[in-house]
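For reference, the structure is listed below as structure tokens.
The values are calculated or read from the model by the stated rules, or taken from the named source; none is laboratory data. All values derive from a computational prediction rather than experimental measurement. All Cβ positions, glycine included, derive from the backbone under ideal geometry; neighbour counts span all protein chains shown. All accessible areas refer to the heavy atoms of the entire protein, side chains included, with ligands and DNA or RNA removed. Shrake-Rupley method; radii C 1.70, N 1.55, O 1.52, S 1.80 Å.
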Amino acid sequence: MLGRVSSVVRREAAIKGLFKYAGNSKTSVVRAAVSERAALHSRAKERQHSQSTSSGLLKRLWKGLAAAGLAFAATTVNVASTAEEEEPKFPHVVGVVQYQSNAPIEDRFSIKKTDVGFFISVFDGHGGWQAAEFAQGCLVDNIVSSVPNGGKQDFKQAMIAGFEKTEAQFISKLRPAFQVGFGDLNHVGCCALSVLLANNTVFVANAGDCQAVLAHRKWGRLQAVPLSRIHNANMKEEQDRLRREHPNEVDIVRCKSSQACYVKGRLMPTRAIGDAYLKYPEFNNTVVWDKTRGRAVGAPYTPPYITATPEVVERAIQPGDDFVIIASDGLWDELTPEEAVQIASQEKEPELASQRLLESALKKAADRHHISVEQLKLIAPGRRRSLHDDITVAVVSLQPFRS
């Protein structure tokens, strides 16, 4: 039986006005940021050494705050033992790490044990953090409340109903605020992926571009098995579907490049909670010149263009199924599923595996911009968004869930 949840969260200390632009290139911005922050760090350490610090706790606190830009959440879920003095049979079930690029971070996650099973969910916000935080608070409860009482439990339909209920609740919260002029609310949204472990089965409900990948061992080799499909306008399947559903709209998909396509030129995900102006005419700004009224889509306008209804995948846990990686697209922008599985497999504990995945993703992002990971971490959130996205990674061991 799953029990205690312990969390350690270290949030990045925001240092405002830290650096100025030193030219137009990203490299010059990085160098200016690193140089000035390093000087600030050096002066702060000198002041620290000039004072007497009798408390070891203060020293550790200083190290935590001075650490380069790490917004980190490490979560370990323990399996309770039958006796208090006994060691848990499975001491580490799931590990989660999170690193921000936006200011504030727009990703959220939840880990929840319920009467129907164990849930791990990741939410990737866009246009703000509000939709992700709303879904974090109610999606799992909405799924659980949608499971029918008695008889065979239809988890797939319950997950679909839970997503749709969460969408309806979020829109009902937005409506009165939008009606009195808070226009920016019409493009707040989030991608969401929820994994349910129950009855020796993995259920994955996905709306958007978060991904779940299973590590399966066969003949001594580890394979990456996708448990979700990406829903965004870069994918040919999604482009074809949108063109079938909106045949008279030549601008239904606009592409800046093969990896930068957008629904009506505005949003990359094709499934998400929120983004009301792409679903409901009442939320479309009809006064196009007035940007305070929110985003506008001109004629032809035949919504809905996107949906909050998830795609649900069901897989019985098989011999050789080792662990599942659940992450926002900030990880998958940097690592392939095959790379992620191999990296995670180098650690024995999920929390260490998730941390290794995060560091590997940051290394890829830093290499792409010709800087070190240390330099990347010195750049303040917000500024860092041009280098990589918010990253949330969960690794869950399947061993405790085998019947």
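Numerical summary
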{"item": "Shape category assigned to region 248-340 from the gyration tensor of Cα positions, a/c cut at 1.5", "result": "prolate"}
{"item": "A168-S258 FRET efficiency (beta carbon distance; Förster radius 45 Å; 0.05 resolution)", "result": "0.80"}
{"item": "Length gained when the stretch R241-K218 is fully extended (0.36 nm per residue, less Cα-Cα span)", "result": "4.8 nm"}
{"item": "Amide proton proximity set for S372, modelled H, under 5 Å, gap of 5+", "result": "none"}
{"item": "Extension gain (nm, one decimal) between K364 and N200, 0.36 nm per residue minus Cα-Cα", "result": "55.5 nm"}
{"item": "Carbon plus sulfur fraction of accessible area for region 89-132, probe 1.4 Å, in percent", "result": "53 percent"}
{"item": "Region 320-331 - phi-based ³J(HN,Hα) in whole Hz, Karplus 6.51/-1.76/1.60, Gly and Pro as x", "result": "x, 6, 9, 8, 10, 9, 10, 8, 6, 5, x, 6"}
{"item": "Rounded to whole Hz, the Karplus (6.51, -1.76, 1.60) HN-Hα couplings of region 240-245, x for glycine and proline", "result": "4, 4, 4, 5, 5, 6"}
{"item": "Most positive-pole-ward Cα, P337, A327, G382, against dipole of region 324-403 from beta carbon charges", "result": "G382"}
{"item": "Cα gyration tensor, region 214-255 - rounded (a/c under 1.5), prolate or oblate", "result": "prolate"}
{"item": "Under the Karplus curve 6.51 cos²θ - 1.76 cosθ + 1.60, θ = phi - 60°, whole-Hz ³J(HN,Hα) for region 246-254, x wherever Gly or Pro sits", "result": "9, x, 9, 10, 5, 9, 4, 10, 10"}
{"item": "Partner aspartates and glutamates for K218 [C-alpha distance under 19 Å; skip if fewer than 8 residues away on the same chain]", "result": "D321, D322, E338, E339, E347"}
{"item": "Ordering of 169-175, 157-163, 244-250 by packing [mean C-beta count within 10 Å, highest first]", "result": "157-163, 169-175, 244-250"}
{"item": "Built amide H within the under 5 Å cut-off of T114, gap 5+", "result": "F119"}
{"item": "Where region 245-403 is the region considered: accessible area per residue in Å², 1.4 Å probe", "result": "44 Å²"}
{"item": "Computed lengthening from T286 to K348, 0.36 nm per intervening residue step minus Cα-Cα distance", "result": "16.8 nm"}
{"item": "Heavy-atom accessible area ranking, 1.4 Å probe, most first, across K264, K236", "result": "K236, K264"}
{"item": "Candidates per trypsin sites (Lys or Arg not before Pro) in region 345-394, loop by DSSP, up to 16 other Cβ within 10 Å", "result": "K348"}
{"item": "Portion, in percent, of the accessible area of region 317-403 that falls on carbon or sulfur, probe 1.4 Å", "result": "48 percent"}
